[in-house]
Amino acid sequence: LVRNELPAQGLRLAALSGACHQCLYQFLAIIPPSNRSLRKLGTAAVMVDTQRPLTLLLNGSVGDREVCKIQYHFGEFGNYSLVVKTLSTSTKTVSCDLVINEGPINSYLPILFAFLVYMGILAILIVGRLFMKIDPVRNWVYKKLNPRETDRLINSELGSPNTTDSVSSDPTPRLWSTASRQRLRSLDTFRGLSLIIMVFVNYGGGKYWFFKHESWNGLTVADLVFPWFVFIMGTSISLSLSSMLRWGSSKWKVLRKILWRSFLLILLGIIVVNPNYCLGPLSWDNLRIPGVLQRLGFTYLVVAALELLFTRAGAESGTLEMPCPALPDILPYWPQWIFILMLEVIWLCLTFLLPVPGCPRGYLGPGGIGDFGKYPNCTGGAAGYIDRLLLGEKHIYQHPSSSVIYQTTMPYDPEGILGTINTIFMAFLGLQAGKIILFYKDQHKHIMSRFFIWSIVMGIISAILTKCSKEEGFIPINKNLWSISYVTTMSCFAFILLLLIYYLVDVKRLWSGAPFFYPGMNSILVYIGHEVFENYFPFKWKMQDSQSHAEHLTQNLTATTLWVIISYLLYRRRIFWKI
């Protein structure tokens, strides 16, 4: 509530979000002057954003003279008064005082409560695991359940016993270690972790701003997961192609599988992002062509074909002679690196040299009210222009994340054509992680040290490109553009995260990977399922208060947990959807 006690002038109220870089102030309200004869104050009520700090600017309605400026981070459901009055009639000094009429709520308490609930569930599972190591308890469970199924549950889902247990007990507990040699659980755990966070943020993330995509430059939790999924896809490509070729499959047979899988991913993606399941056939007029699965499919096609084309016998086993032994995961694959570097040169040239009508060359901004409103129709620069030119405005995403804060009106697709080049680079870096695992097979220290070195190198490149700044770097971190700095930063995080999971799950076996391991084994089914059934019970229901974080968080966590349970049940029944 803005209360104007100035008798002779009305006020104009405007606001600027702290998340909006180089933006214009946005008009909120006109506050009339006070009427002393009627003892009536000029007032106006407005609703303001609470996600980021806000700057309120009060100007005189006549002459546009600045009266006062206040920066404040308002709290959710708080009620405030901004009182504008004259302190001294002689000097005409004006004061603007912010008064809290009703204190805001603590909007983060639901997160704390949810954390405690899940920690309680985890504690119960850990206690159950400890009890299962007690012989009388284990024997009682054996009597109540199918012994063979129970034994598999103990060893597969809850982890393997130590060496002394294996010697003194039934030999079947060695099933876990045997299976782990055939398939690295850490990769499925990494994939499942990325997927579950993706499902959670796609369902709404409790309506918290940090569980939504960043409006333009910068990172939130939601911006981490897709590149991680791409990264681990690249790692899996390296391992799976190596396995198929080692077992005698011809390159032509493997190529046919690659083409078929890519086609299916792209087709499923087009169906999933255009959900007219109950509205008749899809209409080409408004069909969105890009999407997550489409990008995954095309990226898989390029990276897998590249690996298949240039793979060399003996490179993975270390039998090839190399001039520089310190680079065994790079030098044998120099043709692939040349191809990837050529793609990056193409991205740089198109991004910074392509003329875009009405926009400065090399523009990387959001358009709209950004850059002081100079380029309102230049959202995404060359990336947006290429998509609109080749695909058409109606065939790309209509509600980009920049539309809220930057008030952009142009459609822009974060899964567009130009960004796919850097997605290929992200998958290729994941491919490098797979080559490290193959080259240093069972040499855990070498594998982890190479992961760490790659992470440091990617981090240094990111620091140079961004100047360690959100907005002022040469190439800012930007998920919408899939900028090169975004890829190097995400791969830096991915190498470190994979190192930690690999150490805990496959080296020390302190963690079985549960519960993320199960959705990681059925990633395509979980992703498509969560998209298709997003608006159906029990994944969504009508809420009593649509403004409540607690209700949104409960609904989103329930839906995400259900997909974990579904993937666990499918794993128990050995049902896996592979394409």
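If you scan region 31-52, which residues turn out to be modelled with pLDDT of 90 or more and open to solvent by 70 Å² or more (accessible area, probe 1.4 Å)? If the condition is that a residue be modelled with pLDDT of 90 or more and open to solvent by 70 Å² or more (accessible area, probe 1.4 Å), then A45, M47 are the ones that fit.
This table checks each residue for (1) under 30 Å from S243 (Cβ atoms); (2) charged (D, E, K, R); (3) assigned by the TED database to the domain that holds G365; (4) over 22 Å from the mean Cα position of the chain (by Cα).
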{"position": "M410", "(1), (2), (3), (4)": "no, no, yes, yes"}
{"position": "I421", "(1), (2), (3), (4)": "yes, no, yes, no"}
{"position": "S462", "(1), (2), (3), (4)": "no, no, yes, no"}
{"position": "L465", "(1), (2), (3), (4)": "no, no, yes, no"}
{"position": "F474", "(1), (2), (3), (4)": "no, no, yes, yes"}
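Give the residues of region 530-579 that are more than 30 Å from P104 (Cβ to Cβ), at pLDDT below 90 and among the polar types (S, T, N, Q), sorted by residue number. Passing the criteria: only N535. Of the set (1) part of a helix (DSSP H, G or I); (2) open to solvent by 20 Å² or more (accessible area, probe 1.4 Å), all apply to I437 but (2). For region 349-366, does any single residue satisfy the condition of being among the aliphatic types (A, V, I, L, M) and open to solvent by 80 Å² or more (accessible area, probe 1.4 Å)? Among the residues of region 349-366, at least one is among the aliphatic types (A, V, I, L, M) and open to solvent by 80 Å² or more (accessible area, probe 1.4 Å), which makes the answer yes. Screening R450 with (1) assigned to a helix (DSSP H, G or I); (2) free of Cβ contacts under 8 Å to residues at least 40 places away in the same chain; (3) of a type in the set (D, E, K, R) gives one miss only, at (2).
A residue that is in contact with a Phe, Trp or Tyr (Cβ under 6 Å, 6 or more places away or on another chain), among the aliphatic types (A, V, I, L, M) and either crowded, with 19+ Cβ neighbours inside 10 Å or not assigned by the TED database to the domain that holds V345 (or both) occurs somewhere in region 440-447.
Kindly evaluate L11 against the criterion of being open to solvent by less than 70 Å² (accessible area, probe 1.4 Å) and either modelled with pLDDT of 90 or more or under 30 Å from L364 (Cα atoms) (or both). Considered against the rule, which asks whether it is open to solvent by less than 70 Å² (accessible area, probe 1.4 Å) and either modelled with pLDDT of 90 or more or under 30 Å from L364 (Cα atoms) (or both), L11 comes out as no.
Looking at L569, L525, L557 in this structure, which one is outside the structural domain of G291 (by the TED database) and surrounded by fewer than 18 Cβ atoms within 10 Å (Cβ to Cβ)? The unique qualifying residue is L569. For region 480-500, a residue qualifies if it is farther than 30 Å from S402 by Cβ and open to solvent by 10 Å² or more (accessible area, probe 1.4 Å), and the qualifying residues are L499, L500. As for region 537-549, it holds at least one residue that is under 25 Å from the mean Cα position of the chain (by Cα) and outside any loop (DSSP other than H, G, I, E, B). Does at least one position in region 536-545 carry a residue that is crowded, with 17+ Cβ neighbours inside 10 Å and farther than 30 Å from N217 by Cβ? Looking through region 536-545, at least one residue is crowded, with 17+ Cβ neighbours inside 10 Å and farther than 30 Å from N217 by Cβ.
Please enumerate the residues belonging to region 205-220 that are closer than 16 Å to F539 by Cα and either open to solvent by 10 Å² or more (accessible area, probe 1.4 Å) or modelled with pLDDT of 95 or more (or both). Once the filter is applied, which keeps residues that are closer than 16 Å to F539 by Cα and either open to solvent by 10 Å² or more (accessible area, probe 1.4 Å) or modelled with pLDDT of 95 or more (or both), region 205-220 yields only K207.
Please enumerate the residues belonging to region 49-75 that are closer than 27 Å to E214 by Cα, assigned to a loop (DSSP other than H, G, I, E, B) and without any contact (Cβ under 8 Å) to a residue 60 or more places away in the chain.
Step one: filter region 49-75 for residues closer than 27 Å to E214 by Cα, giving 49-57, 69-75.
From what is left, the residues that are assigned to a loop (DSSP other than H, G, I, E, B) are 49-53, 73-75.
Correct list: D49, T50, P53, H73, F74, G75.
Which of the residues that make up region 367-393 are open to solvent by 10 Å² or more (accessible area, probe 1.4 Å), touching a residue at least 12 places away in the same chain (Cβ under 8 Å) and not small (G, A, S)? Once the filter is applied, which keeps residues that are open to solvent by 10 Å² or more (accessible area, probe 1.4 Å), touching a residue at least 12 places away in the same chain (Cβ under 8 Å) and not small (G, A, S), region 367-393 yields I369, D371, F372, Y375, P376, N377, Y385, I386, R388, L390, L391, E393.
Selection over region 82-108 of residues that are exposed (fewer than 14 other Cβ atoms within 10 Å of the Cβ) and either at pLDDT below 90 or part of a strand (DSSP E or B) (or both) gives a count of 14. Taking first residues from region 257-269 that are basic (K, R) and partners that are part of a helix (DSSP H, G or I) and surrounded by 14 or more Cβ atoms within 10 Å (Cβ to Cβ), the Cβ contacts under 7 Å between residues at least 6 apart in sequence or on separate chains come to R261/Y300. Scanning region 507-516 for residues that are open to solvent by 10 Å² or more (accessible area, probe 1.4 Å) and either within 17 Å of T220 (Cα to Cα) or touching a Lys or Arg at 6+ places or on another chain (Cβ under 6 Å) (or both) yields a total of 0.
The values are calculated or read from the model by the stated rules, or taken from the named source; none is laboratory data. Quick caveat: nothing in here was measured; it's all calculated off a predicted structure. Cβ coordinates were reconstructed from backbone atoms using ideal geometry, including for glycine residues, and neighbour counts include every protein chain displayed. Ligands, DNA and RNA are stripped out before the accessible areas are found, and what is left, the full protein with its side chains, is counted by its heavy atoms. Shrake-Rupley method; radii C 1.70, N 1.55, O 1.52, S 1.80 Å.
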